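Presented below is the structure to which this report refers.
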Amino acid sequence: MSTSRRDMVWKSMKRILAGCGAEESVLTEESCIGDPELELSSVRFIQAMVELENAFDVELDVRNIWNGDRRPLSELLDYIEAALPEAGS
């Protein structure tokens, strides 16, 4: 996937996460889901997952994305990228 497409997905992810209550100024690909500074409650996390599914027309399996481990947002970004159809498909 091209860097510009990855950047587009990342910018959209940040906007969605911020809209669900995460502090956008602290969001990086290295931020971990569940970090207190993101300020995402469990309800807001689920809201963010639903909004990400709708925005990218993908189905996110929460068990693969967040199972209580400290997983960076880069893994969620990779997961979404892999689920997207290739350009021109």
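Based on C-alpha pairs under 8 angstrom that are at least 6 apart in sequence, the chain has a relative contact order of 33 percent. If every alpha-carbon in the chain counts as one equal scatterer, what log10 I(q)/I(0) does Debye give at q = 0.16, 0.17, 0.22 1/Å? So the normalised log intensities work out to -0.58, -0.65, -1.13. Distance between the modelled labels on Ser42 and Ala82, one decimal in nanometres: 2.6 nm (7 Å Cα→Cβ projection). Per residue, the accessible area of the chain comes to 60 Å², computed with a 1.4 Å probe over protein heavy atoms only. Summing Cβ point charges (Lys, Arg +1; Asp, Glu -1) relative to the Cα centre of the chain gives a dipole of roughly 100 debye.
Modelled spin-label separation between Glu29 and Met8, with each label point placed 7 Å from Cα along the Cα-to-Cβ direction: 1.7 nm.
The values are calculated or read from the model by the stated rules, or taken from the named source; none is laboratory data. The structure presented is a predicted model; accordingly, all values stated were derived computationally and were not measured. Every residue, glycine among them, receives a Cβ derived from its backbone with ideal geometry; neighbour counts consider all protein chains shown. Heads up: the accessible areas ignore ligands, DNA and RNA and are worked out on the full protein's heavy atoms, side chains in. Shrake-Rupley method; radii C 1.70, N 1.55, O 1.52, S 1.80 Å.
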